[in-house]
Amino acid sequence: MPPRLAEAVCQERKNAMARATVARKFAAPADAVWQYVRWHGVAKLDQYSGDFFEKIEFDGDVEQVGITKTIYPYGGHPILERLEELNVAERSYRYRLLDVGDLPVTDYCGYVRVTPAGPGACHLKIECEFTPVGVTADVWEQTWTEMETRLMDEISRLVENIAPDARAVAA
């Protein structure tokens with residue numbers, strides 16, 4: 001394939017992908033929020049241990065590129081995620097869905113980042129790129145945004161409603 005044609009095909013593929021982003025400021029240090037959104041940290045959240053999903057399983061204990069986790073939704077097929085990129089110092093990672101289960105998307109890639117906003121606050125950004133299958137991008141974006149907002153609400157209850165001294169113990 002000629003280079004210009006290959007570039008056009010890649011650009012077309014990029015244009016076909018949709019993106020959804022949620023971000024929120026937390027009145028808690030970045031490390032307090034990071035402990036719940038890091039690769040293994042999500043297992044501490046209710047929605048991953050029986051509330052929203054039935055359970056979550058990790059293929060290892062060490063957070064490193066290539067590790068996978070399987071999320072089991074109630075009444076649906078498992079979702080398999082693989083860690084693609086990890087930067088612990090910057091509190092960020094990228095992941096990809098290798099098996100989307102029953103989700104109406106393909107080519108799904110996610111991004112999570114916690115950015116300090118002074119000593120006692122931070123911003124949490126969660127983003128995904130996806131190609132919708134059988135639904136519109138707007139429909140999936142709404143569903144995804146509701147799930148991630150619920151996750152952020154839970155994290156807010158965990159990190160913002162405890163005394164500063166207890167935050168250090170929780171981390």
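The values are calculated or read from the model by the stated rules, or taken from the named source; none is laboratory data. Everything quoted here is computed from the prediction, not taken from an experiment. Please note: Cβ atoms are built from the backbone with ideal geometry, for glycine as well, and neighbour counts cover all protein chains shown. Accessible surface is based on the protein model in full, side chains and every heavy atom, while ligands, DNA and RNA are left aside. Shrake-Rupley method; radii C 1.70, N 1.55, O 1.52, S 1.80 Å.
Summary value for region 49-141: 17 percent relative contact order, contacts being C-alpha pairs under 8 angstrom separated by 6+ residues.
Could you provide, to the nearest whole Å², the per residue accessible area of region 38-165 with probe 1.4 Å? Please report the intermediate quantities before stating the final value.
Numbers: 6530 Å² over 128 residues.
Result: 51 Å² per residue.
For region 17-44 and region 108-136, write down the distance between their C-alpha centroids in whole Å. One Cα centre to the other: 8 Å. Working ranking of peptides 28-35, 69-76, 150-157, 132-139 by packing, defined as the average number of other Cβ atoms within 10 Å per residue, highest first, is 28-35, 150-157, 69-76, 132-139.
Under 5 Å from the amide H of ALA28 lie the amide H atoms of ALA121, CYS122, each residue being 5 or more positions distant or on a separate chain, with H modelled from the backbone and absent for Pro and chain starts.
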